[in-house]
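Readers should treat all values here as calculations from the given coordinates under stated rules, not as data from a laboratory. Since this is a predicted model, take the numbers as computed values, not measurements. Note: ideal-geometry Cβ built from the backbone for every residue, glycine included; neighbour counts use all protein chains shown.
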Amino acid sequence: MEDRGGVTDVLAGIRVLDFGRYIAGPYCAALLADFGADVIRIERRGGGEDRWVAPVGADDAGGLYLVMNRNKRAMTLDPACPEGRLIVRKLVATADVVVANLPPAVLQSLALDLESLRQVKPDIILTTVTAFGAGGPWSGRHGFDGVGQVMCGSAYLTGMPEQPLRAAVAWVDCGTASLAALGTLAALLARQKTGRGQKVEGALLRTALAFNNPALVEQQVIRANRVATLNRGQTSAPSDLFRTQDGWIIAYAIGNPMFARWAKLMGEERWLTDPRFEDDEARGDHGEIISKRMSEWTAERTTAEALAALEAAKIPAAPLYSPQQAVDDAHIRSAGLLQDTEYPGLPRPAPLAPTPVDLSETPGRFRHRAPTLGEHTDAILAEIGYGAEEIATLRATGVI
């Protein structure tokens, strides 16, 4: 990240204990770490199950782990044994935030529920994430990203009626993590004013319903009863993926002025007085006709030619990329949207995306790579008063 005058990390001095796993908890903590918080990932002795998802390194560290745990320190610990519980209490006494996307029963069993934490640190903030949210018959159930996608109506409206599709990107998890980080920042601000901590609770289903809320409003209010139409949008047109001579592009026209420019580009000015295309709603209803016309146009052009003409007409469009093409893209690289980062044992640097929101004066930044398993255990224990012999005993007895 570019130098902006040595600005102090805005969360410097805030300590976060990360008991998270997979995405929703760890990514929340990673965002806090980006802005300067001292985040300690607490992982079981053999490594958490999320460490090896999509392995890329010599130690089988996974792509998921490298992304979700940048800027953190890491220690191994058995938090359930008596000595492990004592270590957790000592760590909590030094912390401002505990992040744990664990079921409520597990939180209680590990004394990581809010009341147990408050007995150690009265002003602690507990940030949790569940699958289904509190207050309903499914509140105690387990779940991953896909439960939100399928229960909010998103997967139903993706693909085709005979083959619904979930998105390959874990947008529910990442969205929940981002909102949990926002809630944690709000809780830290509230603590400055009141002196009190609180519980911040995100839920996968809560996020998914919030992000798909417009479709649910439309359904309940006017009974639209929409079904999936592959990549074609339904509330305006053109809104689709289109094949070119050498690839695919996506393009949209929303609003009458943009549609007028598109119609002129297509040589279909007569459509501007056609009642089938009088507004976005009508064009969405007749989107198949519009997509067919544009598909004919793109089939006669290369991707570069089509994108250049659409940009000249001020119509949003972009190429369809494979992951390799995204990694190699000139704009993505020159804008710093991926940063090559070394990690022990990788055959090539990992292209990590920086903090996905930029602040002009106090930006998030990469301070260091994700830690190896237990890399900072000894240093962290020393900070809370353990000597070298005590640490050796803890290791020999399987506590760390």
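Under a point-charge model restricted to the Cβ atoms of Lys and Arg (+1) and Asp and Glu (-1), what is the dipole moment magnitude of the chain relative to its Cα centre, in debye to the nearest 20? Write down the numbers at each step before the final one.
Numbers: 41 positive and 48 negative charges, 173 e Å.
Computed charge dipole of the chain: roughly 840 debye.
Considering every Cα-Cα pair within segment 191-287, what fraction, in whole percent, is farther apart than 23 Å?
Working: 2204 of 4656 pairs.
I get 47 percent for the Cα pairs in segment 191-287 exceeding 23 Å.
Any idea how far apart Thr362 and Glu269 come out in nm if each label point goes 7 Å out from Cα toward Cβ? For the pair Thr362/Glu269, the computed spacing is 5.5 nm. Projecting the Cα atoms of Leu310, Leu338, Gly267 onto the charge dipole of the chain, computed from C-beta unit charges around the Cα centre, puts Leu338 farthest toward the positive end. Bridgeable lysines around Lys72 (alpha carbons under 30 Å apart, same-chain partners fewer than 8 residues away excluded): Lys90, Lys121, Lys193, Lys199.
Counting Cα-Cα pairs of segment 260-397 in 10 Å increments starting at 0 gives whole-percent bin shares of 9, 22, 18, 18, 14, 7, 8, 4, 0.
Using only the alpha-carbon atoms of segment 75-151 as identical scatterers, what base-10 log of I(q)/I(0) does the Debye formula give at q = 0.16, 0.19, 0.21, 0.22 Å⁻¹? The computed values of log10 I(q)/I(0) come out as -0.65, -0.84, -0.95, -1.00. With the simple model of a label 7 Å out from the Cα in the direction of the Cβ, Leu86 to Phe144 spans 3.9 nm. Cβ-Cβ distance of Thr8 and Ala308, R₀ of 41 Å, FRET efficiency by 1/(1 + (r/R0)^6): the value works out to about 0.40. Cross-link partners for Lys314 among the lysines, with Cα-Cα distance under 17 Å and sequence neighbours closer than 8 places in the same chain left out: Lys264.
Between Gly247, Gly287, Gly202, find the one with the highest GNM mean-square fluctuation for the chain; connect C-alpha pairs within less than 10 Å. Among Gly247, Gly287, Gly202, the largest mean-square fluctuation in the Gaussian network model of the chain belongs to Gly247. Computed over segment 66-208, the P(r) curve from all C-alpha pair distances, binned at 10 Å from the origin, holds 11, 33, 34, 15, 5, 1 percent per bin. Measuring gaps between exposed loop sites in the chain (chymotrypsin sites (Phe, Trp or Tyr not before Pro); DSSP loop; at most 16 other Cβ atoms within 10 Å), the longest gap, sites not included, is 145-320. Per residue, the convex hull spanned by the Cα atoms of the chain measures out at 181 cubic angstrom.
Here the Gaussian network model covers the chain, with springs between Cα atoms less than 10 Å apart; of Gly48, Gly36, Gly20, Gly48 fluctuates the most.
Relative to the longest principal axis of the Cα atoms of the chain, the long axis of helix 303-312 lies at roughly 80 degrees. Inter-part distance, segment 321-400 to segment 206-236, computed on C-alpha centroids, equals 38 Å. Angle check, please: helix 256-266 long axis (alpha carbons) against the longest principal axis of the chain (alpha carbons), in degrees 0 to 90, nearest 10. The angle comes out near 60 degrees.
Over all distinct Cα-Cα pairs of segment 118-182, the Kirkwood formula returns a hydrodynamic radius of 13.9 Å. Between helix 24-34 and the chain there is an angle of about 80 degrees, using the helix long axis and the longest principal axis of the Cα atoms.
Placing a label point 7 Å from the Cα of Arg261 along the Cα-to-Cβ direction, the residues of segment 209-237 whose backbone N falls under 19 Å from that point are 236-237. Across q = 0.10, 0.14 Å⁻¹, segment 244-334 modelled as identical point scatterers on its alpha-carbon atoms has Debye log10 I(q)/I(0) values of -0.29, -0.54, in the order of the q list.
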